[in-house]
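The values are calculated or read from the model by the stated rules, or taken from the named source; none is laboratory data. Just so it is clear, the structure is predicted and the values come from calculations on it, not from any experiment. Methodologically, a virtual Cβ is constructed for each residue, glycine included, from the backbone with ideal geometry; neighbour enumeration extends over all protein chains shown. SASA here: full protein model, heavy atoms, side chains in, ligands and nucleic acids out. Shrake-Rupley method; radii C 1.70, N 1.55, O 1.52, S 1.80 Å.
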Amino acid sequence: MVSVRKAVQALESLYPLRYAEDWDEPGLIVGDLDAPVRRIVCAADPTWDVVQSAIASHADLLVCHHPLYFRAVHTVSSQTVRGAIVSELYRHGCALWVGHTNADSALRGVAQAAADAFGMVDQHPLVPISDAERPDDEVGLGRVGVLSEPVTLRDFAHRVASELPKTQMGVQVSGDLDGVVRSIAVLPGAGDSLFDEVRAADVDVYVTSDLRHHPATDAMEQARHEARMRMAAKLDEDLSAHESAVIGNDGPTPIPVKPALINTPHSAIESIWFRYAVEDIPQAIAKITGEQVDMQWLDINTDPWNLSIVTA
């Protein structure tokens, strides 16, 4: 029999808790360690609808990306929806395990799954983690890589959109739509806190989520300002070396404004991870226990928006 304890052991061999950010508390949230696990389902968020679907499918373990609780709590009574979820899970014998920032940083985790889906090669973590237990693994937040063949920003944005589970929010793009994209940084989830790291990576486009007006505006304005400064420096250099003839009749070659920004629905980009998880988790459990479990991805849209209207 596969127990919750053994399933958790397998999960945390794939997505070690030591990879989690200091403020994060992933791992087993609800469940009896000695209870049996025959069927596992996964979803981006442990919402009420997701939990009801997991219970209806006779799941013994629900694996989610987002935590049920982000902050300390003082009650799990059914007066709150989260308390009611805890009660439902215990009543129906369904455990809940969360892989959050630890799954973001792991091999074949959230960031790598998205980067692979978007066609990125020669990948490395955007913010590396040094893991003494696995020194050969390149792990850490986000991914930086390149495309096998350059494309326009417009075409790359359409590629990103085509790989995402459907939501009403859609994808937003800021930058020169005809500009060339070769190098990319990807950070599934809220990513406006890592603009400095992305600029240091010198990529053509940054794919992330939850970009707020002011940080995104500031990032693009800074990118345009830096492009103007590089352009001015190039003009001075060209004029000094070759006089005005080097500029040509069509003017100087434009300096790219980078990074461009692609803003994606938070739950959608992180859900790409389950394409790998539905294979990796049963294999890890079988390796530890010799037993097989059923695994299902509950492809439920947990994005909070159900209507998006383009204003006139």
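Only one of the numbered conditions (1) in a helix (DSSP H, G or I); (2) within 28 Å of HIS213 (Cα to Cα); (3) without any contact (Cβ under 8 Å) to a residue 40 or more places away in the chain is violated by VAL146, and that is (1).
Criterion applied to ASP250, ASP202 was being open to solvent by 90 Å² or more (accessible area, probe 1.4 Å), out of contact with any Asp or Glu (no Cβ under 9 Å at 6 or more places or on another chain) and modelled with pLDDT of 90 or more, and the one residue passing it is ASP202. Quick check: is even one residue across the stretch 52-59 buried (at least 18 other Cβ atoms within 10 Å of the Cβ), among the hydrophobic types (A, V, I, L, M, F, W, C) and closer than 18 Å to TYR90 by Cβ? Yes - at least one qualifying residue is present in the stretch 52-59.
Restricted to the stretch 105-116, and to residues that are open to solvent by 20 Å² or more (accessible area, probe 1.4 Å) and touching a strand residue (DSSP E or B) at 6+ places or on another chain (Cβ under 7 Å), which residue is farthest from PRO188 (Cα to Cα)? Among those residues, the one meeting the criterion is LEU107.
Would you call ARG154 over 18 Å from the mean Cα position of the chain (by Cα), closer than 23 Å to ARG199 by Cβ and of a type in the set (D, E, K, R)?
Details: over 18 Å from the mean Cα position of the chain (by Cα): yes; closer than 23 Å to ARG199 by Cβ: yes; of a type in the set (D, E, K, R): yes.
Against the criterion (over 18 Å from the mean Cα position of the chain (by Cα), closer than 23 Å to ARG199 by Cβ and of a type in the set (D, E, K, R)), ARG154 qualifies.
Taken over the stretch 60-83, the criterion of being open to solvent by 20 Å² or more (accessible area, probe 1.4 Å) and of a type in the set (Gly, Ala, Ser) is satisfied by ALA72, SER77, SER78.
Is it the case that the stretch 266-287 has a residue that's modelled with pLDDT of 90 or more, open to solvent by 50 Å² or more (accessible area, probe 1.4 Å), closer than 30 Å to HIS100 by Cβ and not in a helix (DSSP H, G or I)? Within the stretch 266-287, not a single residue is modelled with pLDDT of 90 or more, open to solvent by 50 Å² or more (accessible area, probe 1.4 Å), closer than 30 Å to HIS100 by Cβ and not in a helix (DSSP H, G or I).
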